[in-house]
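K.L.:
The following block contains the structure, expressed as structure tokens.
The values are calculated or read from the model by the stated rules, or taken from the named source; none is laboratory data. From a predicted model like this one, the values you see are computed outputs, not experimental measurements. Here the Cβ positions follow ideal geometry from the backbone for every residue, glycine too, while neighbour counts run over all protein chains shown.
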Amino acid sequence: MQLLNTFIKDHKKRVESKFDTIVAGIDAPEELKKSMIYSLQAGGKRVRPMLLYAVLESYNQDKQNGDSAASAIEMIHTYSLIHDDLPAMDNDDLRRGKPTNHKVFGDATAILAGDALLTHSFELIASDNILDDKVKVDIIKLLSNAAGASGMVGGQMADMLGEGKDLSAEDLEEIHRHKTGDLLAVSLQIGAVIAGAEAKEQECLCRFGKHIGLSFQIKDDLLDVEGDEKIIGKPVGSDEGNDKNTYVRLLGLQGAKARLKWHTESAVKELDSLNADTDILRQLASYIGDRSQ
């Protein structure tokens with residue numbers, strides 16, 4: 001666990017250290033850049049870049065090769081949070097214990113900050129001076145698919161369409177497979193592309209990511225019931241109060257915990273097929289299921 005704690009600390013710092021320079025280099029109004037930085041630097045676990053760096057670690061690759069992609073993935077994740085918090089979506093006032101972007105900068109600026117983070121993420125990858133052109137095109141294709149209508153955006157839309165309806169656990173899993181899982185899975189797949197892993201190993205890592213994406217969401221639902229408000233940075237019980245479909249609501253507390261355990265174990269089994277040192281990935285899978293925030 002000490003190895004994992006050090007890995008998380010070092011690579012969280014690594015990706016966060018890039019944000020000020022990235023945003024400062026954009027030719028845009030200062031108010032827009034302030035809004036972008038506000039959400040980028042609002043904290044968070046940085047799980048997606050962590051997974052990308054963990055794949056590079058597993059294949060003994062230079063982490064510098066993944067810096068642009070790791071930053072881009074976190075920028076896309078941050079844009080999605082800004083938009084999810086808007087009054088037209090989840091209408092949240094707090095994110096990670098701080099006022100949400102639209103509460104500080106207004107709805108219009110928050111929307112534009114999200115748009116700017118999304119679009120600049122692809123420029124960041126395209127402008128990378130380390131990766132070769134084919135790798136950059138492959139990354140952009142994978143990332144745009146995972147973040148777009150077939151992935152995260154489509155999952156968010158399905159989630160909204162499911163509000164107020166009685167969903168099955170399978171329906172909920174399909175929503176979160178895209179809303180949460182696709183961006184986590186593509187972080188691993190992109191790491192594998194950068195590392196030059198074979199296609200079958202990329203597919204294993206993608207499946208690993210799908211499982212831990214669902215583990216991540218189930219754990220979020222459990223934390224909404226059992227978590228510490230001071231640690232998770234939002235009111236406990238907000239999902240129930242908003243009448244949301246959650247794994248706890250559909251499966252019960254023990255059923256949700258059993259589903260979490262199954263996805264975590266299934267994820268780890270996928271790593272058995274890799275010709276790489278997967279210790280840090282295994283520890284990250286356990287961390288996602290055991291975390292307190």
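K.L.:
Tally the residues that are without any contact (Cβ under 8 Å) to a residue 60 or more places away in the chain and surrounded by 15 or more Cβ atoms within 10 Å (Cβ to Cβ), restricting the search to region 154-170.
P.N.:
Going through region 154-170 one residue at a time, the tally reaches 4.
K.L.:
Could you please tell me which pairs satisfy a Cβ distance under 7 Å, a separation of 6+ or placement on different chains, a first residue in region 253-266 that is under 16 Å from Leu172 (Cα atoms), and a second residue that is among the hydroxyl-bearing types (Ser, Thr, Tyr)?
P.N.:
Matching pairs, first to second residue: Ala256/Tyr247; Arg259/Tyr247; Leu260/Ser215; His263/Ser215.
K.L.:
May I pose another question? Looking at Tyr53, is it assigned to a helix (DSSP H, G or I), modelled with pLDDT of 95 or more, under 17 Å from the mean Cα position of the chain (by Cα) and closer than 30 Å to Leu161 by Cα? Before you say what the answer is, go through the steps one by one.
P.N.:
On the way: assigned to a helix (DSSP H, G or I): yes; modelled with pLDDT of 95 or more: yes; under 17 Å from the mean Cα position of the chain (by Cα): yes; closer than 30 Å to Leu161 by Cα: no.
No; evaluated as a whole, the condition is false for this residue.
K.L.:
Taking only region 116-136 into account, find how many residues are touching a helix residue (DSSP H, G or I) at 6+ places or on another chain (Cβ under 7 Å) and either surrounded by fewer than 18 Cβ atoms within 10 Å (Cβ to Cβ) or assigned to a helix (DSSP H, G or I) (or both).
P.N.:
Of region 116-136, the ones touching a helix residue (DSSP H, G or I) at 6+ places or on another chain (Cβ under 7 Å) are 116-118, 120-122, 124-126, 128, 130-131, 135-136.
Going one step further and asking which of them are either surrounded by fewer than 18 Cβ atoms within 10 Å (Cβ to Cβ) or assigned to a helix (DSSP H, G or I) (or both), we end up with 116-118, 120-122, 124-126, 130, 135-136.
Number satisfying all stated conditions: 12.
K.L.:
Now for a different question. Identify, from the list Ala113, Ala72, the residue that is in contact with a Phe, Trp or Tyr (Cβ under 9 Å, 6 or more places away or on another chain), under 28 Å from Gly162 (Cβ atoms) and in a helix (DSSP H, G or I).
P.N.:
On the way: Ala72 fails: under 28 Å from Gly162 (Cβ atoms).
When all the criteria are applied, what remains is Ala113.
K.L.:
Determine which member of the set Lys33, Lys63 is at pLDDT 95 or above and within 24 Å of Gly114 (Cβ to Cβ).
P.N.:
Lys33
K.L.:
Now, a different point. Going by what's in this entry, would Leu214 be described as surrounded by 15 or more Cβ atoms within 10 Å (Cβ to Cβ) and within 20 Å of Val15 (Cβ to Cβ)? Outline the logic, then answer.
P.N.:
Values: surrounded by 15 or more Cβ atoms within 10 Å (Cβ to Cβ): yes; within 20 Å of Val15 (Cβ to Cβ): no.
The answer is no for Leu214.
K.L.:
Inside region 236-253, can you point out the residues that are under 18 Å from Ile288 (Cβ atoms) and either at pLDDT below 55 or outside any helix (DSSP H, G or I) (or both)?
P.N.:
Within region 236-253, Thr246 is the sole residue that qualifies.
K.L.:
Hey, another quick one. Somewhere in region 24-39, is a residue surrounded by fewer than 22 Cβ atoms within 10 Å (Cβ to Cβ), under 25 Å from Ile288 (Cα atoms) and of a type outside the set (Ser, Thr, Tyr)?
P.N.:
No, there is no match, as no residue in region 24-39 is surrounded by fewer than 22 Cβ atoms within 10 Å (Cβ to Cβ), under 25 Å from Ile288 (Cα atoms) and of a type outside the set (Ser, Thr, Tyr).
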